[in-house]
């Protein structure tokens, strides 16, 4: 971290919660996941068991397992899925990431990859980049003197189907080159003043997907990791502040089995501007020659997300 603020708020949660995304192809992915829940190699094992049951329907004595016709199939399945380092179902990576950098064997086709990205904000005053292909996220906001509030968000995510009927899941997102920067530098002869708060951080969030129409609803609590949270007063000139984050993002969220969730990691910047004219009127444009620099951004890469039950209430 470099620099310091005039004052720092003791609050943790910013002014508003994450914006609600609208994703058109979310229901299609849920349907595909419902249609392909059998691990690779398991269908062959099941077919072998059916054939054995048919062969043994008139046999009186049980046949030892090692003598069975599908013993080789079972051994191969165990070797490939477990002893051979099968892809962990808890691990999700960017769509274009090289699986060899993560595990001994690749995930099943179309599985355990980021599949959604979303950006939101006033695009005249904010900027965003999000890529589920690479895991990159970038959110920026630059407030004008007359703006009272700005919010900028960029996120990547994937659809998740819990394995337990009811459990608290730990979601751990690794970070790479994750940091935030902000600046407040104001000088003017205008008869005006006030405070301006800049917040930047990362949300880790689960949205429940409606079976009916694919709409989303936020599951609470929301994981929040604050990178910067500074409040400045009146005329102040400070340099750029840099706020890095090296440790993983961790949060615990209760999820229910039989439901689909969208898990998202969100870069967010929010600016709350309390400047007004000294006579009480809403803030007006500054006169020529004034200096106004009030901006912040969060940038980083999310190379992987682990999600697994930490407390199982109902298996």
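Looking at the stretch 198-207, is at least one residue modelled with pLDDT of 95 or more, part of a loop (DSSP other than H, G, I, E, B) and at negative phi?
No, the conditions are met nowhere in the stretch 198-207.
Condition test on residue 242, is it over 21 Å from the mean Cα position of the chain (by Cα), part of a strand (DSSP E or B) and surrounded by fewer than 18 Cβ atoms within 10 Å (Cβ to Cβ)? Step through it out loud before you land on a result.
Values: over 21 Å from the mean Cα position of the chain (by Cα): yes; part of a strand (DSSP E or B): yes; surrounded by fewer than 18 Cβ atoms within 10 Å (Cβ to Cβ): yes.
So residue 242 passes the test.
Just checking, which of 258, 214 is over 25 Å from residue 140 (Cβ atoms), surrounded by 15 or more Cβ atoms within 10 Å (Cβ to Cβ) and modelled with pLDDT under 95?
Values: 258 fails: surrounded by 15 or more Cβ atoms within 10 Å (Cβ to Cβ).
That would be 214, the only listed residue that is over 25 Å from residue 140 (Cβ atoms), surrounded by 15 or more Cβ atoms within 10 Å (Cβ to Cβ) and modelled with pLDDT under 95.
Per-residue answers, yes or no, for (1) touching a strand residue (DSSP E or B) at 6+ places or on another chain (Cβ under 8 Å); (2) at pLDDT 95 or above; (3) farther than 28 Å from residue 287 by Cβ:
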{"position": "95", "(1), (2), (3)": "yes, yes, yes"}
{"position": "110", "(1), (2), (3)": "no, no, yes"}
{"position": "124", "(1), (2), (3)": "no, no, no"}
{"position": "127", "(1), (2), (3)": "yes, no, no"}
{"position": "130", "(1), (2), (3)": "yes, yes, yes"}
{"position": "136", "(1), (2), (3)": "yes, yes, yes"}
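Identify, from the list 262, 255, the residue that is assigned to a strand (DSSP E or B) and in contact with a helix residue (DSSP H, G or I) (Cβ under 9 Å, 6 or more places away or on another chain). Talk me through it step by step, then tell me what you get.
Details: 255 fails: in contact with a helix residue (DSSP H, G or I) (Cβ under 9 Å, 6 or more places away or on another chain).
Step by step, each of 262, 255 is checked, and only 262 is assigned to a strand (DSSP E or B) and in contact with a helix residue (DSSP H, G or I) (Cβ under 9 Å, 6 or more places away or on another chain).
The values are calculated or read from the model by the stated rules, or taken from the named source; none is laboratory data. Computed from a prediction, not measured in an experiment: that's the story for all the values here. All Cβ positions, glycine included, derive from the backbone under ideal geometry; neighbour counts span all protein chains shown.
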